[in-house]
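S.K.: Provided herewith is a single structure, encoded as structure tokens, for subsequent inquiry.
FYI, it's all coordinate maths here, none of it is from the lab. Bear in mind that the values here come from a model prediction, so they are computed numbers and not experimental data. With ideal geometry, Cβ positions are generated from the backbone for all residues, glycine too; neighbour counts draw on all protein chains shown.
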Amino acid sequence: MFFKATGVFVALCFISTIFVFAYDLITQCNYFKAKSLVINGNHSFSDKQIISQADLKKGTNIFSVNLSLIQKRLLTHPWIEEVHISRELPSGIKIRIKEHKAVAIADLGRRFLINDKGEIFKELSAKDPGVLPVIKGLRYSDISISRRLRLDGSDKRSFDSFLHRHRNPFEAAMDVLRLGQRAESVLPNKLIRQIMVDREIGITVYAFNKIKEIKLGYENYADKYDLLKKVLLYIKNINTFQDPVSIDLNNFNRAVVDLAK
């Protein structure tokens, strides 16, 4: 029995030694040195910046690279939302980046960037894009309690029902931004300068050059956008010398237009 146990122990030691030797051989072999670093999905910063952030060097053996550690390093960058890293045999490493998509700026005294999921992902800096709709009138608690909304055409009826019960101004602003991302939108996000939120009266949008404000209130935003399109077309067709300074769409069955005096 003693000799049997000793034999098993020796065999395990021998196998372990082989594995260690094989690991050292693979991780030190010149054949697997990284000659190609392929990076996809980065738009806000260069390949060189990503390589520096990852602390990754050409010539490093691809099997000696800790992919999990590199992923963690890259995710500390505020603009990076997701990272996928893979080894490409025999001598390549591929990094796929998904950046946050900034859709608005939340003005909470300090200014923060909001992504298309309705999440604050970084504080606005001088290097960040400043030509985005600015959401004002929010509290920190509005964003912390809100659902993470995707701007992807979610079910409007259930969403409006939620707003009717809760009147969360941040979620209302996100719904307006979702509509503004549609190609045919009468009020595209690129034309929106500011979204003012109010718990009592809802959303007021400041866009275009001549119209000072568009009052949307709460709920039925898709219907109100359709009505706004008709109102703007009517104003254009009547060829009035008076420009509208305010359009009130709180009631989606009718529009109240104030003209310049």
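S.K.: Nearest 5 is fine: what % of DSSP beta bridges in the range 30-99 come out antiparallel, could you say? Display every interim value, and only then the final one.
M.R.: Numbers: 9 of 14 bridges.
So the antiparallel bridges amount to about 65 percent of the total.
S.K.: Pop out the ³J(HN,Hα) list for the range 197-207 in order, Karplus 6.51 cos²θ - 1.76 cosθ + 1.60 with θ = phi - 60°, rounded to Hz; leave Gly and Pro as x.
M.R.: 3J(HN,Hα) across the range 197-207, in whole Hz: 10, 9, 5, 8, 9, x, 9, 10, 10, 10, 8.
S.K.: Over the range 30-99, what portion of Cα pair distances is larger than 16 Å, expressed as a whole percent?
M.R.: Working: 958 of 2415 pairs.
Considering the range 30-99, 40 percent of its Cα-Cα pairs are separated by more than 16 Å.
S.K.: Among the lysines, select those whose C-alpha is under 23 Å from the C-alpha of LYS101, and discard any that sit fewer than 8 residues away in the same chain.
M.R.: Straight-line reach from LYS101, under 23 Å: LYS48, LYS72, LYS117, LYS122, LYS127, LYS136, LYS156, LYS190.
S.K.: Take the alpha carbon gyration tensor of the range 217-261, find the square roots of its eigenvalues, order them as a ≥ b ≥ c, and report rounded if a/c is under 1.5; if not, report prolate when a/b exceeds b/c, else oblate. Walk me through the numbers on the way to the answer.
M.R.: Values: a/c = 3.31, a/b = 1.73, b/c = 1.92.
Note, shape of the range 217-261 comes out oblate.
S.K.: Under the Karplus relation 6.51 cos²θ - 1.76 cosθ + 1.60, θ = phi - 60°, what is the ordered set of whole-Hz ³J(HN,Hα) values for the range 219-224, x standing for Gly and Pro?
M.R.: These are the phi-based 3J(HN,Hα) values: 6, 6, 5, 4, 5, 5 Hz.
S.K.: For a quick check: sort LYS224, LYS101, LYS48 by the number of other beta carbons within 10 angstrom, fewest at the front. It would help to have the intermediate numbers written out before the result.
M.R.: Working: LYS224 25, LYS101 15, LYS48 9.
Ascending number of Cβ neighbours within 10 Å: LYS48, LYS101, LYS224.
S.K.: What is the order of VAL257, VAL38, fewest Cβ neighbours within 10 Å to most? Intermediate results must be reported in sequence, preceding the final value.
M.R.: Details: VAL257 16, VAL38 12.
Result, fewest neighbours first: VAL38, VAL257.
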